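Here the structure comes first, spelled out in structure tokens, and everything after it is commentary.
Read-outs: derived from the displayed coordinates by stated rules, not from any lab. Quick caveat, the model's predicted, so the values are computed rather than measured.
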Amino acid sequence: MRTRVVLTLKQSGAPSRNRRSKRHCEKAELDHAALADVRVGIRQGLEDVRQRRTRPAEQFFKEFEAAHKLVSVSAANIPPD
């Protein structure tokens, strides 16, 4: 199994050498890419809100349910126990 040496800094500022497997490094890279993708999505969503390119969730779900012929399940439609 191949390993990589990763240099990190301790709180004291001294270098620390860690050995990590290739699989661990690949997983860390994928995790980093996924996190970056999430951040891009959040940033785009916030920009949509600032530019008023949004609509109320209630309106969206009414249109979605009508388009897909779904029955609305809301608290008002559920009988009490």
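Applying the Karplus relation 6.51 cos²θ - 1.76 cosθ + 1.60 with θ = phi - 60° to region 43-49 yields 3J(HN,Hα) values of 4, 5, x, 5, 5, 4, 5 Hz, where x marks Gly and Pro. For K27 and E63, the difference between the fully extended length at 0.36 nm per residue and the C-alpha to C-alpha distance is 9.0 nm.
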